[in-house]
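All remarks here apply to the structure that follows.
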Amino acid sequence: MVIISYTGLDLFLIGELNAKIHSQVSNLLETSEEEVVFSSYDSFVYYKGHEQTSIQLIIKVEMDEKYRPFQKQLAELLLKSSEEYSIHATVYFNYFNSEDSYSRVNSNYPRYLTSENERSEEEYDEEVEYSEDELFTGNIFQEFEVDEDDEPQSFDSLLKK
């Protein structure tokens with residue numbers, strides 16, 4: 001497993017960047033594309049109180065120790081591919097052993113959404129009557145709502161209901 005995380009770059013740009021380089025990363029590491037994932041956070045980089053989004057990009061790579069021989073080439077690829085997205089970039093690596101990683105994959109579903117298996121909004125037909133099991137349109141917070149005249153309740157008392 002290889003997890004490449006970006007801090008200091010707009011979330012939507014990370015998706016665009018990922019689409020461009022995902023195959024290159026897996027090829028460089030000589031592994032399947034399913035072993036490589038990209039991650040982003042709604043986070044920012046700050047320096048002396050000034051936000052640095054798209055100025056300072058920090059790329060963290062977490063991967064199995066077996067990929068260590070590819071570190072320099074992967075760093076070069078990530079730095080080069082980020083040039084059109086940020087002014088400066090830093091890449092650092094954290095390693096783990098495969099025996100320290102565990103996964104659960106549900107065989108009833110594809111492992112990842114792709115353009116081939118992702119449903120679009122157009123596939124939702126507003127003319128079709130969906131059953132309550134398929135589509136819940138009620139208030140999911142109804143049992144937690146209190147009348148404004150009632151005394152405030154503790155969180156624990158709400159859970160006991």
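All of the numbers you see were taken from the coordinates with simple rules; none came from a lab. All values derive from a computational prediction rather than experimental measurement. Counting neighbours? That spans all protein chains shown, and the Cβs are built from the backbone with ideal geometry, glycine included.
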Spin-label model distance (nm) - residue 23 vs residue 76, 7 Å beyond Cα toward Cβ: 2.1
Amide hydrogen neighbours beyond the local backbone of residue 38, cut-off 5 Å, H modeled: 4
Taking 7 Å along the Cα-to-C-beta vector as the label spot, tell me the residue 92-residue 65 distance in nanometres, rounded to one decimal. 2.1
Backbone N within the range 71-104 under 19 Å of label point (7 Å from residue 47 Cα along the Cβ vector): 79-80, 82-92
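Hey, what's the Kirkwood Rh for the range 20-66 if you take every pair of different alpha carbons, in angstrom?
Numbers: mean 1/r = 0.0768 Å⁻¹.
Across the range 20-66, the inverse of the average 1/r is 13.0 Å.
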Using θ = phi - 60° and the Karplus relation 6.51 cos²θ - 1.76 cosθ + 1.60, list the HN-Hα couplings for the range 6-15 in order, rounded to whole Hz, with x at every Gly or Pro. 10, 10, x, 9, 3, 4, 6, 5, 5, x
Within the range 23-50, list the residues whose amide N lies under 19 Å from a label point set 7 Å along Cα→Cβ of residue 103. 23-40
Per residue Cα convex hull volume in Å³ - calculated over the range 1-123: 138
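Return a whole-number percent for the relative contact order of the range 1-62, with Cα pairs under 8 Å and 6 or more residues apart as the contact set.
55
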